[in-house]
1. Kindly put ASP7, ASP14 in sequence by how many other C-beta atoms sit within 10 Å of each C-beta, fewest to most.
2. May I ask for the net charge around VAL21, where only other residues with Cβ less than 15 Å from the Cβ of VAL21 are counted and Lys, Arg are +1 while Asp, Glu are -1?
3. Name the GluC sites (Glu not before Pro) in region 57-165 that are in a loop by DSSP and that have at most 15 other C-beta atoms within 10 Å, would you?
4. I'm checking a number: the convex hull volume of the Cα atoms of region 109-185, normalised per residue, in Å³. What is it?
5. Counting each DSSP H run of 4 or more residues in the chain as -39500 (n - 2.57), what helix-only mean residue ellipticity at 222 nm follows after dividing by all residues, to the nearest 500 deg cm²/dmol?
6. Rounded, prolate or oblate for region 132-174? Axes are the square roots of the Cα gyration tensor eigenvalues, ordered a ≥ b ≥ c, and the cut-off for rounded is a/c under 1.5.
7. Using the Kirkwood radius built from alpha carbon pairs, what does the Stokes-Einstein equation give as D for region 1-85 at 4 °C and 1.567 mPa s, in µm² per second?
8. Can you sort LEU164, LEU130 so the residue with the fewest Cβ neighbours within 10 Å comes first?
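A short reminder: the numbers here are calculations on the coordinates, not readings from a lab. Quick caveat: nothing in here was measured; it's all calculated off a predicted structure. A quick note on method: Cβ atoms are made from the backbone with ideal geometry, for glycine too, and the neighbour counts reach across all protein chains shown.
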Amino acid sequence: MKTLLIDCNPDKADIVSENMVIRTAQIFKNHGDHTQRINIRELNINFCIGCWDCWVKTPGKCTIKDEMQYIHQAVINADHVIFLSPLKMGFICTEMKKIQERIIPLLLPTIDIVEGEFHHKKRYDKYPKLSLLMLREIDTTDDDIKINQDIFKRFALNFRSEVLFSTTYGYQFEEIIYEACNFERISEKAKEQLEAVNG
């Protein structure tokens, strides 16, 4: 399984966000997933300008000359995409919002009815499952988290996907991931025993 981690932390000095990405990646590596991490702050990614060229002039391809095409390829070839974002003033950071808006070329401009609503048709046969891991601010409320979770669920629906998990980093976040992904937790002692048996 290919798991793509999109690190949306804008501040390289934010050690807690860095630990969140490292610990999450390790969970999926331990499970045997092929993991890839994309650090948005290290790439040249511009904001969507709403020109719709990706639907009309160059179908499926954004005409903005930056590194977003690399992300398009990574996303559509993944089985699971995890967005990791610190919250800023109660909402996901601009880096994550920018990526969400620039993903529109992966859909068609034509419309389907999904769950009684109008949504864009799929451009591809397969889309990855989506997850969100947020880092709270000091004053983040449960209402803030719920709002972000609801918006992310809508994003997944628009992207013709489903949410595996949407939670915050911290106490028991690993258990939430394990349960959502149907992973079995293997103790460190069990790992050592397996390694000894397998040589």
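1. Working: ASP7 24, ASP14 13.
Ordered from fewest to most neighbouring Cβ atoms within 10 Å, ASP7, ASP14 come out as ASP14, ASP7.
2. Values: positive: LYS12, ARG23, LYS29, ARG37, ARG41; negative: ASP7, ASP11, ASP14, GLU18, ASP33, GLU42, GLU95, GLU174.
The answer is -3.
3. Values: sites: GLU67, GLU95, GLU101, GLU115, GLU117, GLU137, GLU162; in loops: GLU67, GLU115, GLU137, GLU162.
Sites meeting the loop and neighbour criteria: GLU67, GLU115, GLU137, GLU162.
4. Numbers: hull volume 8.8 nm³, N = 77.
So the per-residue hull volume is 114 Å³.
5. On the way: 7 runs with 74 residues, N = 199.
Calculated from helices alone, the mean residue ellipticity at 222 nm is -11000 deg cm²/dmol.
6. On the way: a/c = 3.28, a/b = 1.62, b/c = 2.02.
Oblate, because a/c is 1.5 or more while a/b does not exceed b/c.
7. Details: Rh = 14.2 Å.
Translational D for this selection: 91 µm²/s.
8. Going from least to most buried by this count: LEU164, LEU130.
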